[in-house]
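Read the structure below first, then the notes.
Computed from the coordinates by the stated procedures, all read-outs in this text should not be read as laboratory data. Predicted model only: the values in this text are computed from it and were never measured. Heads up, the Cβs are rebuilt from the backbone with ideal geometry, glycines too, and the neighbour counts pull from every protein chain shown.
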Amino acid sequence: MNFAVPLTNSPPPSVPSGEEPIVVESSEHRAELIGAGGVVVIKFSAEWCGPCKKIAPAYHALSSDFPEGVKFAEEDIDEEYEGLPEEIKSVPTFFYFKDGEFKESTKGANIQVVKDTITKYI
């Protein structure tokens, strides 16, 4: 029997694909997303952050796990948009909003914590 595995140039996807998160482009854009209502999750991260890169594929796939009304966004803290929350002391940090109101934040690259927190607000 031949148990050879074909070689490919790309690794197999480890997470199902979902809709890409909205990239926050300014403090005004962030305010519009939050003010639009519904559940909004913003991942604050940085290009140089290892844990941010680690959780990115799972975060990008979250849109397929939740109802269409849940919006996922991400913001690079190095862009330094006006009004960056002072509570961000480490990355990744996730902020959760419902109907324009801040609910809570979580820190770290644990996708289950993110899922559990979103579930509280849908």
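Here are a few things to note about the model shown:
- For segment 52-101, applying the loop criterion from DSSP together with a ceiling of 16 other beta carbons within 10 Å to the trypsin sites (Lys or Arg not before Pro) yields Lys89.
- Between Glu47, Glu86, Glu28, the Gaussian network model of the chain with springs among Cα atoms under 10 angstrom shows the greatest mean-square fluctuation at Glu86.
- Cβ-defined net charge surrounding Ile118, 14 Å radius [Lys, Arg +1; Asp, Glu -1]: +2
- Taking 0.36 nm per residue of separation and subtracting the current Cα-Cα distance, fully stretching the chain between Asp65 and Glu47 would add 4.0 nm.
- DSSP assigns beta bridges within the chain; of those with both partners inside it, close to 60 percent run antiparallel.
- Taking every alpha-carbon pair within the chain, the share separated by more than 25 Å comes to 25 percent.
- Set of aspartates and glutamates with alpha-carbon distance to Lys89 below 20 Å, sequence-local pairs under 8 removed: Glu47, Glu74, Glu75, Asp76, Asp78, Glu79, Glu80, Glu104
- Most mobile listed residue (Ala31, Ala73, Ala56) in the chain, GNM with C-alpha springs under 10 Å: Ala31
- Extension gain for the segment Glu25 to Thr119, taken as residue separation times 0.36 nm less the Cα-Cα distance, is 31.2 nm to one decimal.
- Simple spin-label estimate for Gln112 and Glu82 gives 4.2 nm between the two label positions (7 Å along the Cα-to-Cβ direction from each Cα).
- Taking the square roots of 5 times each eigenvalue of the Cα gyration tensor of segment 55-116, largest first, gives ellipsoid semi-axes of 20, 15, 12 Å.
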